[in-house]
Every structure is written in C-alpha cells, then in structure tokens.
C-alpha cells in the first residue's frame, strides 16, 4: 500500500516536472532566426494552415499559442546572454545585447541635398573644375618648400612687408598700407557675407542645414531678433499666452501670416472638397431657419382683423337698426344675415 | 481670380436662398459636372471646372468675365444679385409673380410692379420675400422683392407697389457697358 502510494507520489511529481518543462520547452521543425540586438525572432515554420482560415475564437487561440511559443524561445535565448548587474551590486540583472544585425528602414525621409552656391553654379556653367593644389610651394628666396599659406608661408610674412608700391594712376598721398589692410578686411567681409548667404539659401531651400550658425549673437538683424523672440515666446507649455509683455508690446497674438496679406484657398484646389464644404454650409444655414412661419402668422393676424372688422360692422348695423327700426325692418335682417354669412365664409376661404 | 472665402460664400448663399430656397443644392451639386463659384474683381462667377481650368491660364488684368456672373460684392461687402443669374435661378424659383402684358414694358424699363399690373402671385408669399417675375407667357423677366404678402395683395389699392424691382432683362440693353 505504501509502495503504491509512493509510486503514485513519484508519478505525480514527475507529471508536475514534465508539465513545467512542457511550458518552457517548445518544439519547432525549423529553428528560429534570432537578432537579439533588435529583440527580433523570425519564425520560418509554415503556420498550421487549417486553423488560420476564417475569423473566430479558434483562430485567435492558435495565433495566441504561436505567439507564446515564439516569445518563449526568444526569452530563453535572452536568458543565455551574458548578464550583469546594472547600477552597482544591488541593481537589477541586465543582459547585454549584441549589436543589431537586421537593418531597419529609415524613420524619417533622407535629408535633401543643399542647393549649389552662386560660385558652384557659375563653375558648372563654365565647366571650371577644381584643380588639386599642392600643400607646399617652392619658395625661391628661401630655397626650400614652404606652406602655401599660414605660418612661415612662401612669399614672406605679409605683416612684415615693409614696401608697398604706389600703383599707376593712384593718388600719391594715399596710404598704401592702409589701403592694403582695408582691402583685406573688405575681402574677408565679402567672403563671410557670401558664406552666410549660401547658408541662408540652403536653409530656405529646406535642407537639413540649421539656421543657428547664420549669425553669431551680437550681429543679428532686427527682423531675426524679432523672429527669434517670437519663437521663444511661443515655446512654452501654454504656447505663449501668459508670457509677460514689454510695456509697448501689442497684446494681440501674432497673425499666422506674419503681417503679410490674407491667404486664400488655391484657385484649382480640391473641387470635391469645396463642394462638400459648401453643402455643409447650406445644411448649417438651413437648420437655423426660424420655427415661426411668418406667412402663416401674418395670415392668421389678417383673418382676425377681418373678423373683428366684420363683427364691428354688424354691431353698427344692429345699432342703426334699433334706432331706425320702423323704416329698416325688412332690410335689417337681410343685412345681419348677410354679414354673418360673410363671416362664416371668410375663414374657410382665407 | 480666387475662390470665395467662408464669409463670402455665406453671403452669396443667403442671397440666393431668398429666391430659390434650398434648391441651391442643385446648383452646387450638379449631376452633369463640377460647377464652382469664383471671385474676380469683386464679381462672383459661376462656371464649370473645365472652363475654370481654361480661364486660369488668362492673365488677371486681361480677364474680363468668365462663365456666368451671378452678382457682385459692393464696397461694404454686401452681395447684389444681377440679372445675368436669371437663367440659373428661374427654373428653381420658389415664389413667382406673373405680370400682365400691359405693365411688362414698365417693369422692363426698371419700374416697380403695381397692383394693377399684377397677374398672378404664388400663394403663401411672405412680405419682402425674393420673387422671380414672369410674363404671362411664363418668360422670366427679372427679379424682385414682394412688397406685400399674398394676403395683403388682395386687399391693397391698384396703385400700390406689390413687387419692388431688383433686376430685369431690359438691363441687357440699358446697362450694356457695365454688365459683365
């Protein structure tokens, strides 16, 4: 008896063990492909064809079982990864994922190329190509290879040039050194201006080039400062509604067109859209019609007035009849009945 | 040339509704093509999509008129219906007034319609309701506004005005230069 019971107990324990293992072991014909860097598991096994056709709870159950099995395999793989503790000794156990192997497609569209600068356009037009320049130039005077520009350049240090010839046709009183310095400054400024113009053009054309490096602080124009101030005002959680204003600043919100004239719908826009909008407008207009039908009210009022007028007429005639009873007795009844008949007829006709 | 804004569309529809009521839907939503309203130099034109595409290629200062002119917006943005819309509104008119042959000419010269010239009038016409004026041969002559309701028309004396003149086909001759 005890032996049987022990066997039973052992069998039961084995059942339980098998049950547990069944829940964590999954059998598949084809092995799954794993990309643990992306937490991705690819199952290339053909699905059970019979159950998946048509909607229903059976299909749901099959799909759920499939998902559970695949997730089990993925999690088992994750557990095999080298683990460590994050955040020191007491932190959670964290698996270190390998590099992702599967290339995901772009989330956002690729950036647009910047538009060519004025020089690039001109060069393309003329067919000018870049000539690779050597970094060192032979300096005849120093008899050695010197840099093209910079420290110890070929041609000597321009700051130490002690002679500046007066060119032909120039004013003899003019300071040539000052002129050279001024021209250099102008060239530098022009170059900087063109560089910023190119940046601005690229930014306007919508490329990924940000507008931030356009002007260093201190050199911004009034419009740019205004624009930046507007953007800063609106960059709050309430979209700038409760920001304190300067004493002379206007209180109304800035127009969406930025002070430009009003914008209209495009001429040949979506005509079906326009039509549906107009029909909606008609429906809204129609629903607000007054409940009171003015015509009927007016007609009713007129009928009442006519009835009263007829009643008064009848009263006057009866009064006259009382006074001139003897002369008008035959006519009196006729007139009264005539008036009454008229009264009865009019409501039906009106 | 541009489409009408919301406010302008509302003004136009309200004016049209005074004459044709809810039949405006039949103008907006036509089974035989897409028709639309466009604004050019304060005048509202009604034209088909095909014509619109062709008219879009004409320069703005060279464009005189397109499709059918329904009316114009005045300086204070009020919409005034013109007689050129008669062909589109006459079939859908809700309230009609027929004028006797004797006073047809008077109406076509721009005068109001008197009670003596009134032939027939639709029942249940309210006062100041927009009406379309016809001759006794059912030829549309123009627009008007009922000065008296149908009930009142019956009782009023013969020299009283029953329909105020708004537009008539005689304008095609009288204002030939300014009509677009």
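Would you mind pulling out the separation of the Cα centroids of the stretch B:92-126 and the stretch A:141-189, in Å? What the calculation gives is 97 Å, centre to centre. Overall, the anisotropy analysis places the stretch A:89-222 in the prolate class: the square-rooted eigenvalues a ≥ b ≥ c of its C-alpha gyration tensor yield a/c not less than 1.5, with a/b exceeding b/c.
Take the Cβ atoms of residue B:105 and residue B:41, set R0 to 35 Å, and the FRET efficiency comes out at 0.60. Rounded to whole Å, give me the distance from the Cα center of the stretch B:20-82 to that of the stretch A:40-103. Taking the Cα centre of the stretch A:40-103 as reference, the centre of the stretch B:20-82 is 63 Å away. Relative to the globular-protein estimate of 2.2 N^0.38 Å, the Cα radius of gyration of the stretch A:10-72 stands at 1.41. Classify the stretch A:76-156: rounded, prolate or oblate, from the alpha-carbon gyration tensor (a ≥ b ≥ c, eigenvalue square roots; a/c under 1.5 rounded; otherwise prolate if a/b is larger than b/c)? Oblate shape, in that a/c is at least 1.5 and b/c is the bigger or equal ratio.
Please compute the contact order of the stretch B:2-88 in relative form: average sequence separation of alpha-carbon pairs under 8 Å and at least six residues apart, divided by the residue count, as a percent. If you can, show how the numbers build up before the last one.
Details: 99 pairs, mean separation 20.4, N = 87.
Dividing the mean separation by the residue count of the stretch B:2-88 yields 23 percent.
Rounded to whole Å, the principal axis extents of the Cα atoms in the protein assembly as shown read 149, 132, 53, largest first. Its DSSP H runs of at least 4 residues, each contributing -39,500 (n - 2.57), put the calculated 222 nm mean residue ellipticity of the protein assembly as shown at -13500 deg cm²/dmol, to the nearest 500.
Sorted from longest to shortest, the spans of the Cα atoms of the stretch B:95-175 along the three principal axes equal 35, 21, 21 Å. Taking 0.36 nm per residue of separation and subtracting the Cα-Cα distance, full extension of the segment from residue A:222 to residue A:276 would add 15.0 nm.
Note the full-extension length gain between residue A:78 and residue A:38 as 0.36 nm times their separation in residues minus their Cα-Cα distance, in nm to one decimal. Spell out each step's value before the answer.
Values: separation 40, 0.36 × 40 = 14.40 nm, distance 1.15 nm.
Result: 13.3 nm gained on full extension.
Here the calculated FRET efficiency for residue A:10 and residue A:238, from their Cβ-Cβ distance with R0 = 60 Å, stands at 0.25, rounded to the nearest 0.05. Using a 7 Å offset from Cα along Cα-Cβ at residue A:197, what residues in the stretch A:116-138 end up with backbone N under 16 Å from the label point? Taking a point 7 Å out along Cα→Cβ of residue A:197, the residues of the stretch A:116-138 whose backbone N falls under 16 Å are A:116-123.
Each of the peptides A:138-148, A:295-305 was scored by the mean count of other Cβ atoms within 10 Å over its residues; in descending order, highest first, they stand as A:295-305, A:138-148. Per-residue extension of 0.36 nm, minus the Cα-Cα distance of residue A:143 and residue A:99, leaves a gain of 10.3 nm for this segment.
Among A:175, A:35, the ranking by other beta carbons within 10 Å of each residue's beta carbon, starting with the fewest, stands as A:175, A:35.
Over the stretch B:2-88, the reciprocal of the mean inverse Cα-Cα separation, the Kirkwood hydrodynamic radius, stands at 13.4 Å. Helix B:6-20 and the longest principal axis of the C-alpha atoms of chain B enclose an angle of approximately 30°.
Which shape class applies to the stretch A:1-148: rounded if a/c is under 1.5, otherwise prolate when a/b exceeds b/c and oblate if not, where a ≥ b ≥ c are the square roots of the Cα gyration tensor eigenvalues? Before the final figure, lay out the partial values.
Details: a/c = 5.17, a/b = 2.47, b/c = 2.10.
It comes out prolate by the Cα gyration axes.
Divide the volume of the convex hull around the Cα atoms of chain B by the residue count and you get 124 Å³ per residue. At R0 = 60 Å, how high is the FRET efficiency between residue A:18 and residue A:107 if r is their beta carbon distance? Nearest 0.05 is fine. So, using R0 = 60 Å, E works out to roughly 0.85.
Readers should treat all values here as calculations from the given coordinates under stated rules, not as data from a laboratory. Computed from a predicted model, the values in this text were never measured in an experiment. Note: ideal-geometry Cβ built from the backbone for every residue, glycine included; neighbour counts use all protein chains shown.
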